[in-house]
């Protein structure tokens with residue numbers, strides 16, 4: 001097959017979406033298919049690799065890590081036309097996503113889209129809840145031409161159907177249990193994290209932005225720290241617009257910034273608990289990575305996290321935005337290692353059942369069905 005991939009975020013930027021896009025490309029290449037990628041050009045990043053078109057991009061002022069690509073449709077269309085794709089997969093609803101969508105429609109190619117980011121809830125978190133109906137209208141228009149829309153959570157898929165965005169399926173919630181594995185635990189690094197003390201390592205991983213519930217995390221960790229003192233060490237890995245604020249608000253926390261995935265896998269395995277207060281996750285890949293690493297998760301009882309964490313079995317689900325309840329859950333698992341170990345083992349067992357290799361094979365089969373329909377011509381799509 002010849003598959004064109006378009007995304008408004010891609011490596012070297014690290015987030016859930018870029019991780020899934022890279023995983024898609026790797027699966028195609030591994031199975032001998034041909035693919036090209038249209039993605040933003042990032043400052044100080046290496047030149048475009050073979051099979052990539054990197055489009056000039058600019059920082060989004062409220063959140064500079066997000067890049068908005070220049071409207072270079074002619075260049076994008078020429079690049080994709082030269083490749084002659086049999087299918088276009090648009091992963092994002094941004095400027096590049098619009099260009100990929102337009103190209104598929106104009107060329108009457110099968111279009112697959114993905115819904116990774118819960119923009120309606122993001123609007124509420126950034127004080128613009130009044131525009132939520134407009135956001136849903138935009139999303140409905142954007143995804144309407146797609147033969148298939150992928151989203152990583154059952155709840156999100158049901159919400160898409162409620163807003164007349166269909167057909168949609170659940171895809172993209174798998175994890176690599178070979179990369180994220182308890183055997184990657186490093187005793188030396190663990191001693192460094194805890195300052196040499198045999199304490200419980202409490203971890204948070206993710207983009208350090210408002211929609212991730214970091215105000216709840218801050219208050220919960222302050223409360224837990226007051227009660228646990230040296231019995232717990234608190235660690236954050238990630239970067240984002242609230243990074244410096246967290247340094248000020250949580251001076252007792254070890255902040256590691258961005259970590260490559262190999263080092264991140266070692267960090268998970270060297271930790272004991274992972275705390276995730278976000279209420280906007282369509283999936284929560286961080287939860288799955290932690291669980292595959294044999295780490296119990298304390299998460300908000302909301303969105304995709306609710307679908308990944310089984311309360312009392314693989315971790316603890318906490319009422320959304322209840323900092324005191326998060327602190328109590330942390331204290332309970334620090335005080336009860338036997339219960340924590342049982343949850344960690346169950347978390348690993350659950351994650352292994354979500355092996356990304358199985359999902360990848362399913363995606364390639366769906367691409368093939370759309371690119372080479374049996375007994376019928378590929379349907380054309382109207383904008």
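Bear in mind that the values in this text are calculations on the coordinates, not laboratory data. Remember, it's a predicted structure, so these values are computed and weren't measured experimentally. Cβ atoms come from the backbone with ideal geometry, glycine included; neighbour counts cover every protein chain shown.
Computed quantities for the displayed model
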| quantity | calculated |
| --- | --- |
| Angle between the chain longest axis and helix 214-228 axis [Cα atoms, degrees, rounded to 10] | 20 |
| Spin-label model distance (nm) - residue 262 vs residue 140, 7 Å beyond Cα toward Cβ | 4.9 |
| Among 82-91, 40-49, 192-201, 100-109, the order from most to least packed when residues are scored by Cβ within 10 Å on average | 82-91, 100-109, 192-201, 40-49 |
| Fraction of beta bridges assigned by DSSP in the range 1-115 that are antiparallel (%, nearest 5) | 20 |
| Bridge type composition, the chain - antiparallel percent by DSSP, nearest 5 | 10 |
| Relative contact order computed over the range 182-352 (Cα-Cα under 8 Å; 6+ residues apart), in percent | 24 |
| Cα shape, the range 160-247, gyration tensor, a/c 1.5 rule | oblate |
| Among 321, 225, 191, residue whose mean-square fluctuation peaks in a GNM of the chain (springs only between Cα atoms under 10 Å) | 191 |
| Extension gain from residue 227 to residue 247, taking 0.36 nm per residue of separation minus the Cα-Cα distance | 5.1 nm |
| Length-normalised contact order of the range 1-42 in % [C-alpha pairs under 8 Å, at least 6 apart] | 57 |
| Full-extension gain in nm, residue 187 to residue 355, via 0.36 nm per residue minus C-alpha separation | 57.8 nm |
| Shape call, the range 292-368: gyration tensor on alpha carbons, a/c limit 1.5 | oblate |
| Prolate/oblate/rounded call for the range 182-352, Cα gyration tensor, a/c under 1.5 rounded | rounded |
| Sum of -39500 (n - 2.57) over DSSP H runs of 4+, divided by residues of the chain (222 nm, nearest 500) | -13000 deg cm²/dmol |
| Inter-probe distance in nm under a simple model that places probes 7 Å from Cα toward Cβ, at residue 310 and residue 29 | 3.6 |
| Cα long-axis angle, helix 356-371 against the chain (0 to 90 degrees, to the nearest 10) | 10 |
| Nearest 10 degrees, 0 to 90: helix 73-83 Cα axis against the chain principal axis | 80 |
| Peptides ranked, highest mean first, by Cβ atoms within 10 Å: ranges 242-255, 295-308, 168-181 | 295-308, 168-181, 242-255 |
| Percent RCO, i.e. relative contact order, over the chain, from Cα pairs under 8 Å lying at least 6 residues apart | 15 |
| Residue of 281, 331, 262 that the Gaussian network model of the chain assigns the largest fluctuation, springs spanning Cα pairs under 10 Å | 262 |
